[in-house]
Every structure is written in C-alpha cells, then in structure tokens.
Amino acid sequence: EASKIASEPTPKRPNILDSLKLDQAISLAKKKVKEGDPGEAKRIYQDILWKFPKNKRASDGLKVLAGKSVGKSSKAEDAQNDELQSLIDLYNNGQLALVVEQAQILTKQYPKAFDVWNLMGISAAQIGQLDQAIFAFRKVLAIKPNVAEAFNNIGNALKEQGKLEEAIEAYNKALAIKPNYADAYYNMGDALKEQGKLEEAIGAYNKALAIKPDHAVAYNNMGIILKDQGKLEEAIEAYSKALSLKPDYADAYYNMGIVLKDQGKLEEAIEFYNKALAIKPDCADAYNNMGIVLKDQGKLEKAIEAYSKALSLKPDYAEAYSNMGNALKDQGKPEEAIGAYNKAIAIKPDYADAYYNMGNDLKDQGKLEEAIEAYNKALAIKPDCADALRNMSFTLLNSGRIKEGLEKYECRWKTIQNLDKERQFSKPMWDGKEILQGKKVLLWCEQGVGDTINWSSRLPLIASLAEHCILECPEKLVPLIARSFPYIEVKPEDRGNDQQRNDFDYHLPLGSLYHRFVPEIMKGSKSDAFLLPDPDRIKFWTKRLRLLGQGPYVGVSWKSANMSPMRLPNYAPLADWSPIFTIPGVIFINLQYTDFTDDLTEIQNKFGVTVNNFDDLNHYDDLDDVAALCAALDVVVS
C-alpha cells in the first residue's frame with residue numbers, strides 16, 4: 001500500500017488587481033513607463049492579463065515595452081474589450097446568471113457585440129433559460145450569418161424544449177455551413193433518438209464518428225439505441241469502443257451493466273455497476289440498478305442495502321423506493337413494502353409503476369378491492385400499462401367478477417413477456433360472434449403444459465360449433481390430448497409457416513377460449529373429468545404398484561421447475577409435509593418431475609419414509625404415461 005505524500009502549496013503572489021480597479025492598473029502601468037520603471041509596468045500588464053487574458057490595452061502595453069508596434073484602438077473599443085473580459089471572468093467563475101444579466105445590459109450599449117451575445121446564449125442555455133439562449137444565438141447569426149456553432153446551439157436549446165423537428169432543422173443548417181461538424185451530427189442523433197427514429201439516429205452517430213473517431217459519447221449513445229432495439233451484442237461492442245477511448249467513462253460502464261443484466265449475466269452486470277461507482281461514487285442510478293440485479297438473484301437483503309445507498313445519495317429517488325418495495329414484498333414484509341410504495345408516490349404522484357407494484361402487493365395479501373383501486377390509479381396515469389391490466393384481470397377473477405376479468409385478460413399480448421409469443425396469421429382471430437358452421441378453427445397453445453391442460457377442458461364447446469378443429473400444443477401432450485378429444489385434430493406446435501398457412505378459417509389462442517364462452521361458463525356447470533389416459537398403461541401401473549405393497553398409493557409433488565421468488569410462496573417447504581409423510585401405512589410415489597433426487601434423500605432422513613421413484617419413467621416428457629400412473633394411484637397430493 002503506497003503512502004500519499006502531501007506537499008505544501010506554492011505561495012501565491014499578490015495581483016495588482018487585488019487592490020486596484022482595471023482602469024487604475026492601466027494608468028499605473030503607463031505611469032511606471034514614464035518614470036523609467038518598465039519592469040514594474042510589465043509586471044502590472046502581466047497581472048492584468050492573468051485575470052483578463054484578452055485585454056487589448058494590457059497586451060498592447062507589453063508589445064510597446066518589447067519595442068513592437070500596435071494598432072490604435074478607440075476608448076470605446078478598449079472599454080468594450082474590458083467589459084467582455086469581465087463577462088468571461090464571471091463565466092469562468094460559474095456565475096452564469098450574472099453573465100446573462102450583465103450581457104443584457106451591455107448589448108443595449110453595444111448591440112452588435114458578437115462575443116457578448118454569444119456568451120449570453122451559452123450561459124443562458126446552461127442555466128435552463130432556453131428562450132433567452134435561442135434569442136441570443138439568433139442575434140449572433142444576425143451579426144454573422146454563417147456561424148455553424150450558433151445554429152448547433154440553437155438546435156440544442158430547441159431539443160431541450162422538446163421541439164425536435166425544429167432542432168433537427170437547426171442542426172442541418174449548421175451542417176450546411178460546416179459539413180464536417182461532428183458535434184452537430186452527434187446532437188442530431190440525440191434528437192432523432194428522442195423521436196424514435198432509431199436507425200436514422202445511428203446513421204447520424206456514424207457520421208459524427210467518421211469525422212471524429214474518438215467521440216466516446218457517440219459510441220455510448222449508439223449503444224443505448226442498440227440496446228433498445230434488442231441488439232445486445234452490438235450494444236456491448238459500442239460501449240466497449242466508448243470505454244477504449246475513455247477508460248474513466250462511468251456512464252458507459254453503467255450502461256454496459258444494464259445490457260449484461262438483460263442478457264442474464266447478473267454477476268458481470270454487478271461488476272460493471274461497481275466499476276461505474278468506482279469512478280462516480282455518487283451515481284445513485286448504479287446503486288438502484290445493482291439492487292434490481294441482486295433482487296433477481298434472490299439476494300434481497302443486499303438489494304435493499306443497494307436501494308438504501310441510492311436513496312442516501314438521492315433522497316427523492318422515487319424509483320428506488322418502489323424497487324425497495326418490491327424487495328420487501330419478496331421478503332414477506334407486505335406492509336413495509338406498501339410504506340415504500342407510498343413514499344415513491346409522495347415524491348412522484350404520477351408514478352404509475354409504483355401504483356402497479358402496490359396493486360400486486362395488495363393482490364397477494366388478498367386485499368382485492370384495494371388492489372383493483374391501485375391498478376386503476378396506475379391505468380389512469382398510464383392507460384397502456386398492459387401489465388396492470390393483466391394483473392387486474394387476475395384480481396377481478398379472484399373476486400368473482402369473471403366476465404370483467406376475462407375481458408381484461410385479453411390485453412396480455414401487449415405485455416413485454418408475451419410480445420414474442422403471439423402468433424401472426426393471415427387469417428383472422430375468432431371474435432366469438434362469427435358463425436363457425438362449416439368453418440375450420442385453429443386453436444394454439446400460448447403458455448405451459450398446465451395451462452394448456454386447464455384450458456382444454458372447454459374444447460368441446462368450440463368443437464360443437466365448428467366443422468373441424470385443429471389444436472396445436474407441446475408435442476409431449478399430443479398423445480394424451482388426442483385420445484381425450486378424438487373429434488379434434490391434435491398436432492405438435494409448428495410456428496414455422498404461420499403467415500402462409502391456409503388450412504383454417506379462424507384461429508384462437510387457448511387463453512381466449514374462456515372469454516369466448518363466458519355465458520356458458522357463468523352458468524356454473526363444472527366440467528367432467530376430460531383427460532383419458534391409456535387404459536393398458538393404467539393396468540400396467542396398477543400391477544406395478546401392487547408389487548410395492550397393499551397401499552394406499554399416494555402420489556406426491558412438492559415444487560415447480562420455476563422456483564422464482566415470486567412463485568416460492570405457492571410451494572410448501574418439505575418440512576411442512578410432516579402431516580402427510582407421518583401417516584402410517586401409506587406407500588408414497590414420486591410425481592416430482594425435476595430436481596428431486598436430493599429431496600427424496602431428505603424426506604428419507606427427516607421422516608424415515610421412502611418415496612418410491614420409477615427410474616424408467618420420464619416424468620418430464622412422457623406425460624401420457626405419467627397420466628396413466630396418476631390414474632392408477634388412490635390419491636395425489638401436491
């Protein structure tokens with residue numbers, strides 16, 4: 001570990017302007033020349049130029065002392081130069097509002113003072129006085145019409161005002177004057193990005209980079225667009241180029257973390273967020289996004305710690321409060337989660353996502369009416385929030401409002417997780433109203449095996465209306481479904497030729513089957529058992545079970561293949577199975593279809609019970625045989 005050696009600062013000598021005004025200092029320098037002390041005069045002129053590098057009277061004085069000739073200037077020019085230098089001094093000291101104020105006074109005295117107008121525009125833009133900035137830059141152009149930088153600056157101000165078309169027009173004017181103006185192309189790329197014209201934006205960034213290959217910010221912003229387009233590898237390449245040009249570029253590290261998260265590379269994402277924070281320790285966004293990754297990993301305490309750090313840096317960070325609420329909810333602290341959501345909403349009353357997250361929490365607590373109210377608030381702010389509509393549909397269904405719930409569920413195709421699941425056919429979707437007599441209908445599955453089996457219970461309703469029904473489902477379900485519904489053509493799912501298909505008149509996703517038959521469902525008639533396992537395989541399993549003893553034979557299944565934090569509450573831990581596994585005289589049969597080997601050992605060690613597993617049965621893929629085994633059992637508990 002190297003020690004840091006402190007050094008004493010170099011003493012600063014007094015400047016003549018610490019005690020005299022500018023005009024007094026100029027007069028003193030001239031007096032020293034007349035008194036025969038050119039060295040002191042030179043020191044005074046140098047002091048003046050230290051504070052006012054463009055002061056013409058001081059620079060001319062030095063030239064005279066060096067024996068050089070100087071052009072004559074009027075007192076008015078000298079005064080204007082001095083006042084401009086004073087403005088520059090104010091600007092360099094960060095007193096931007098004062099620059100604008102003083103410049104407004106000076107331009108009344110010097111209406112064609114190009115540099116004053118320009119400095120006014122630059123300062124006004126930086127403090128958000130955008131109309132004043134545009135006005136000043138237009139004055140600059142009235143004095144010198146071909147200043148490309150002025151058009152570029154006008155474009156930036158217009159972009160900040162959301163006037164994107166006018167901004168792009170200004171950038172084009174800048175480029176007409178100065179075709180190799182990299183910053184104008186870059187700024188145009190930003191404006192096009194905000195318009196959603198992503199390919200055009202990338203084109204503009206590429207033009208900026210062709211002129212200025214070391215433009216790291218252009219690579220960074222191009223990476224953002226590529227990420228938004230789902231081109232994650234190309235986005236990473238763009239961020240890598242930005243970092244090769246600017247290794248201390250915190251924003252590029254941060255953005256790279258976002259892409260890596262989207263790729264599921266969570267540890268790498270955290271690494272890049274940490275790199276961003278090493279350069280920019282006050283980056284609250286990096287802590288917030290790190291919290292999201294940690295939550296996805298199930299590291300809830302660390303996630304909450306990251307959100308807390310974000311909030312310590314940015315106390316009004318509504319998004320961090322909302323995300324903390326999600327982590328608290330997953331920890332099983334629903335009331336604390338509600339408190340976090342309320343803090344987010346207090347900071348940002350139009351925060352639709354916080355209302356949506358609150359709705360999810362209330363729904364899981366069984367507070368269905370309050371959940372619906374929260375979802376409605378989210379939708380009042382963000383009417384196209386498909387996730388809120390979908391989750392409200394579940395809440396409505398759970399509260400007995402079947403028709404309304406099924407109607408809301410039709411929004412599911414607009415949710416992010418379903419965008420790539422909807423199939424696109426040239427034939428129309430059946431709306432439930434068109435007569436199906438003499439027509440062929442294609443029914444297609446959209447979710448997992450369990451949902452497909454569930455929805456299949458209503459296949460007889462649509463089959464009774466159409467001339468012919470085709471059902472496409474996972475291949476491992478085909479034998480069981482085909483036997484159960486012999487009047488329906490059951491085929492493995494094939495999405496390869498959807499647009500060209502002509503073997504049906506209408507199509508319908510299985511998840512919409514209930515919605516199309518609401519009146520029949522609302523009658524309350526329950527479906528009879530509708531799956532028909534292979535009778536020969538039922539006999540086979542019945543005989544095989546008897547080899548284990550007299551029974552009863554009880555099948556058990558205790559978890560899903562997807563044990564995400566959201567789903568964990570649906571599954572009892574093995575320790576909670578004690579009331580089942582301690583029942584004497586029972587022969588238990590394994591129906592768990594994944595990751596069960598260690599669990600079977602744990603059950604044996606904890607309860608002294610053997611759960612019999614048939615190693616030759618493929619629980620995951622041979623569903624027809626699993627159904628036959630289930631039918632041979634006396635009871636199934638899951």
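The values are calculated or read from the model by the stated rules, or taken from the named source; none is laboratory data. Computed from a prediction, not measured in an experiment: that's the story for all the values here. All Cβ positions, even for glycine, are placed from backbone atoms using ideal geometry, and neighbour counts span all protein chains on display. These accessible areas exclude ligands, DNA and RNA; they are computed on the full protein's heavy atoms, side chains included. Shrake-Rupley method; radii C 1.70, N 1.55, O 1.52, S 1.80 Å.
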**Cα centroid separation - the stretch 102-161 against the stretch 443-497, whole Å** = 69 Å
**Asked** Nearest 10 degrees, 0 to 90: what angle lies between the long axis of helix 148-160 and the longest principal axis of the chain (Cα atoms)?
**Response** 40 degrees
**Complete:** If one compares the long axis through the Cα atoms of helix 284-296 with the longest principal axis of the Cα atoms of the chain, the angle in degrees, nearest 10, works out at 10 degrees
**Descending semi-axes in Å of the stretch 575-635, equivalent ellipsoid built from Cα gyration tensor** = 21, 14, 9
**Asked** Separation between the I105 and N618 pseudo-spin-labels, each 7 Å from Cα along Cα→Cβ, expressed in nm?
**Response** 8.8 nm
**Request:** Place a +1 charge on the Cβ of each Lys and Arg in the chain and a -1 charge on the Cβ of each Asp and Glu, then give the dipole magnitude about the Cα centre in debye, rounded to the nearest 20.
**Result:** 2640 debye
**Prompt:** Angle, helix 182-194 long axis vs. longest principal axis of the chain, Cα atoms, 0 to 90°, nearest 10?
**Reply:** 40 degrees
**Asked** Check K491: other-chain or 5+ apart residues with amide H under 5 Å from its amide H, H built from backbone geometry?
**Response** L471, E472, C473
**Message:** Based only on Cα atoms, what mean projected area does the convex hull of the stretch 114-203 have, in nm²?
**Reply:** 5.2 nm²
**Asked** Ignoring ligands, DNA and RNA, what percent of the accessible area of the chain is carbon or sulfur (1.4 Å)?
**Response** 51 percent
**Request:** Taking only protein heavy atoms into account and a 1.4 Å probe, give the accessible area per residue of the stretch 118-227 in Å².
**Result:** 44 Å²
**Complete:** Placing each pseudo-label 7 Å from Cα in the direction of the beta carbon, V637 and Q297 end up separated by a distance in nanometres of 3.7 nm
**Prompt:** Normalised by the number of residues in the chain, what is the relative contact order in percent for Cα pairs under 8 Å and 6+ residues apart?
**Reply:** 5 percent
**Prompt:** Once all Cα-Cα distances of the chain are split into 20 Å bins that start at 0, what whole-number percent is in each one?
**Reply:** 13, 32, 30, 14, 9, 3, 0
**Request:** Show that you can apply the helix-only estimate: for the chain, add -39,500 (n - 2.57) for every DSSP H stretch of four or more residues, divide by all residues, and state [θ] at 222 nm to the nearest 500.
**Result:** -18000 deg cm²/dmol
**Asked** Can you list the lysines whose alpha carbon is less than 20 Å from that of K476, not counting same-chain residues fewer than 8 positions off?
**Response** K421, K491
**Complete:** Per residue, the convex hull enclosing the Cα atoms of the stretch 427-516 spans a volume in Å³ of 86 Å³
**Prompt:** Could you give the length gained on full extension between E602 and N146, defined as 0.36 nm per residue of separation minus the Cα-Cα distance, in nm?
**Reply:** 156.0 nm
**Request:** Return the aspartates and glutamates within reach of K309: Cα separation strictly under 12 angstrom, same-chain partners fewer than 8 residues apart disregarded; answer none if there are no such residues.
**Result:** D282, D285
**Request:** May I ask you to derive the FRET efficiency for E434 and I127 from their Cβ-Cβ distance with R0 = 45 Å, giving the value to the nearest 0.05?
**Result:** 0.10
**Asked** In the stretch 576-622, which chymotrypsin sites (Phe, Trp or Tyr not before Pro) are in a loop and have at most 13 other Cβ atoms within 10 Å, using DSSP for the loop call?
**Response** Y620
